[in-house]
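K.L.:
Can you keep this structure in mind? I'll have questions shortly.
Derivation of every value follows stated rules applied to the coordinates shown; laboratory data play no part. Keep in mind that what you see is a predicted model, and the values were worked out from it rather than measured. Because the Cβ atoms are built from the backbone with ideal geometry, glycine has one as well, and the counts that use them run over all protein chains shown.
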Amino acid sequence: MLFRTKNKIIKPLISSTSIEIDEIIINIQFRKIKNIHLKILPPYGDVRLSLPLNTSKEFATGFINSKLDWIKKHRIRFNTERIDIEKKFTHNEKHLFFGKNLELKLLENKSRPKVSVDENNIIVFCNDISNTILIEKAIDDFLRKELIDASKIFFDKWESILGVKSSDIGIRKMKTRWGTCNIRTKKIWLSFELAHKPIECLEYIIVHELCHLIEKNHNERFYNILHHHFPNYKMIKHKLNNFVYLPNQ
């Protein structure tokens with residue numbers, strides 16, 4: 001049986017599997033087709049590889065490795081669209097704080113900028129609520145401090161569990177990574193964007209990077225260690241890569 005969608009004939013799916021290469025999950029589908037089809041799918045840059053029946057998984061892995069640079073290049077557009085939503089830093093605008101969609105409240109006072117949060121709002125006190133540059137910097141400084149404070153709690157917890165010790169924590173804005181680990185210096189960098197994601201996503205990234213102090217490569221041993229200590233990491237990783245800003249209302 002064939003299926004027709006928008007004047008295209010789609011061969012029925014016979015079986016599917018998935019593999020992970022360089023932290024990218026590739027969905028592999030086996031169909032009654034003659035040619036190989038590799039697609040990056042909107043809205044989140046999911047990777048789908050359609051193969052003829054009886055194609056080996058070893059061939060699929062080799063093919064993906066040969067196209068890895070192409071895959072990463074084309075996924076950047078989706079990742080950038082997901083996290084680079086322009087903010088105007090105006091009253092009642094929506095902002096994310098550890099996964100919570102908060103409303104920005106701007107209040108004038110005569111002191112230097114100060115930021116706080118409650119259940120529903122992120123509140124900025126400053127002497128010029130029309131100065132969006134000042135407001136943006138105040139919020140960024142606040143989020144950076146909150147991210148560092150939350151990270152320290154997770155580092156203390158997981159360094160003890162894993163029996164490793166990082167040398168330092170850094171926060172910086174990164175377009176295509178959530179974290180990096182310098183194996184030589186043992187310094188771990190975290191993406192500033194994690195301040196917008198649910199708190200469990202921050203914990204997952206910290207565990208992931210600390211595991212690199214045990215095994216530097218993304219090989220079977222690495223994922224065995226990660227799965228042993230953080231068995232729901234795939235679910236959290238999916239949440240991390242698919243959690244988006246909510247639109248302003």
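K.L.:
Separation between the L41 and F59 pseudo-spin-labels, each 7 Å from Cα along Cα→Cβ, expressed in nm?
P.N.:
My value for the distance between the label points is 2.2 nm.
K.L.:
Can you give the relative contact order of the chain as a percent, counting alpha carbon pairs under 8 Å and 6+ residues apart?
P.N.:
Taking the mean separation of contacting Cα pairs over the length of the chain, I get 13 percent.
K.L.:
Can I ask one more? Calculate the length of the line joining the C-alpha centroid of region 130-151 to that of region 169-213, in whole Å.
P.N.:
18
K.L.:
Classify the chain: rounded, prolate or oblate, from the alpha-carbon gyration tensor (a ≥ b ≥ c, eigenvalue square roots; a/c under 1.5 rounded; otherwise prolate if a/b is larger than b/c)?
P.N.:
Note, shape of the chain comes out oblate.
K.L.:
Stretched out fully, how many nm does the piece from M174 to T132 gain, at 0.36 nm a residue minus the Cα gap?
P.N.:
Stretched fully, the M174-T132 segment lengthens by 12.9 nm.
K.L.:
Take the cross-link list K105/K137; K67/K175; K88/K186 and give me the ones stretching past 26 Å between alpha-carbons.
P.N.:
Listed pairs above 26 Å: K88/K186.
K.L.:
On full extension of the chain, what length is gained from N219 through N92, given 0.36 nm per residue of separation minus the C-alpha to C-alpha distance?
P.N.:
Length gained, N219 through N92: 41.1 nm.
K.L.:
With unit charges on the beta carbons (Lys and Arg positive, Asp and Glu negative) and the dipole taken about the Cα centre of the chain, which residue among G62, V115, Y223 sits farthest to the positive side?
P.N.:
G62
K.L.:
So which of K100/K197; K73/K94; K173/K197; K100/K187 end up more than 19 Å apart by C-alpha?
P.N.:
K73/K94; K100/K187
K.L.:
Assuming 0.36 nm per residue, please report the length gained on full extension of the stretch T185 to S66 beyond their Cα-Cα distance.
P.N.:
Stretched fully, the T185-S66 segment lengthens by 39.7 nm.
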